[in-house]
Amino acid sequence: MTVDAFDNHAEIITSAKRAYHATLSLAIAKGSDRSYAILAMAESIRNSSDEILEANTLDLEASREMAVPELILDWLKLTPNRLENTVEILQRLGKLSDPLRKVRGADYQLEDSQSYSQLMPLGVIAFIYEAFPELAAIAAGLCIKTGNSIILKGSTEASHSNAAIGKALSSAIAETCLPEDCLQFITQEHGTSVRDVITQDQYINLAIPYGRSSLIQQVARQSTYPVLKSAMGNCYLYCSPSASMEMVHWVIVDSHASQPDPVNAVEKALIHRQCAPSSLITLCNSLKEKGFDLRGDEELAEAFPQLHLAKETEWGCAYLNKTVAFKLVDNLEHAVTWINEYSSGHADVIVTDSYQESCQFALGVNSAFIYTNASPRFCRNPPRGDSIFLGMSNQKGNRRGLINLESLTTVKHIIQGNGQF
């Protein structure tokens, strides 16, 4: 993401104020009105698809001239299928039940009173994203559904695409009874930096950065209000002596299939020393045929010429492409220790036939999600269940794991007395 100067612009203050005042009305809007608005957003995106794709072509042409990395170009490129998937996500989101004001029991109880809690909106959410123009629509849908206003700050590489999507979303909201200011778009013309957005703690309640780790860390370090950090890539797989290499192959390949953002892609594989070298050779050859770039630690790179040497700095960093690095470990304890030090901490995998090993791995690895003999492939719109997911978070706390509707809510406690004193 192109980062602007750190000057504080009046434009973001105005936008933040508008979003703040809009959320006061949005928070008490009927669930049916919020759902209708999301369905209108879906229809507007579909009707504006030609204009959005034309704008995206301009962004791609400008980015190629500026030698933008291929990774960002992949994230930036919209297709009719990606837009249609976005429409389908919004349509499903609009049909889900209202997540707000659901009554829950409360641990805090007083004599002669009744206590309960309800899910409520957070307020104003800033979504700061690198490329991925369609995520603006999905994030906006999640926020509207949960009664939150949203401020969208996209990267300069996607400026035309962001403007076209923003126009479609705004026109849809204008046709509903919701406050138009609940959607705020920070465009390139505003000259507003990321730091300008993440220091408006008087009006904004949560920041969600999405993109490379450099952007995530910038927002986490500089924000003056809470940050819900997303995570992508650098997931680990541990292959035990009892594991099937065919399953290891399937898990790695399938985890990379969630394009264009391989959120839970397995990029590092820890192999137990007792695994047969012939099986590892077969695995590497199969992955190479699938277009993977393979690397290994010093011992493996020396033994297998098809593996490039992985630098020490690579074990803790995400590749964000079809690259997998292999490392030999002595035992399960060694694997758990290594993963806890170098993994991104949001999704890690064990392939084993041992139930005891799977339990030990799940207990020992300090990550949000643990997969046993299963692909960690991320799906924003899963066929089962009743939620839509924006991404994954590796931070500890009550918003760890999948970023969904409940992640964008807070709890209000209500104590109902009977007037006695």
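The values are calculated or read from the model by the stated rules, or taken from the named source; none is laboratory data. Since the model is a prediction, treat every value here as computed from it, not as a measurement. Methodologically, a virtual Cβ is constructed for each residue, glycine included, from the backbone with ideal geometry; neighbour enumeration extends over all protein chains shown.
Do the conditions hold for Thr86, that is, is it assigned by TED's automatic domain parsing to the domain that holds Ala172, exposed (fewer than 13 other Cβ atoms within 10 Å of the Cβ) and either of a type outside the set (A, V, I, L, M) or within 26 Å of Ser161 (Cβ to Cβ) (or both)?
Numbers: assigned by TED's automatic domain parsing to the domain that holds Ala172: yes; exposed (fewer than 13 other Cβ atoms within 10 Å of the Cβ): no; either of a type outside the set (A, V, I, L, M) or within 26 Å of Ser161 (Cβ to Cβ) (or both): yes.
Answer is no for this residue.
Condition check: surrounded by fewer than 24 Cβ atoms within 10 Å (Cβ to Cβ), closer than 16 Å to Pro209 by Cβ, in the same structural domain as Ala168 (by TED's automatic domain parsing) and of a type outside the set (Lys, Arg). Does Ile125 satisfy that?
Values: surrounded by fewer than 24 Cβ atoms within 10 Å (Cβ to Cβ): no; closer than 16 Å to Pro209 by Cβ: yes; in the same structural domain as Ala168 (by TED's automatic domain parsing): yes; of a type outside the set (Lys, Arg): yes.
Judged against the criteria, Ile125 is not a match.
Condition first: within 27 Å of the chain's Cα centre (by Cα) and part of a loop (DSSP other than H, G, I, E, B). Now tell me which residues in the stretch 284-309 satisfy that. Working first, answer last.
Looking only at the stretch 284-309, we keep the residues that are within 27 Å of the chain's Cα centre (by Cα), and these are 287, 290-295.
Answer for the stretch 284-309, where residues must be within 27 Å of the chain's Cα centre (by Cα) and part of a loop (DSSP other than H, G, I, E, B): Lys290, Gly291, Phe292.
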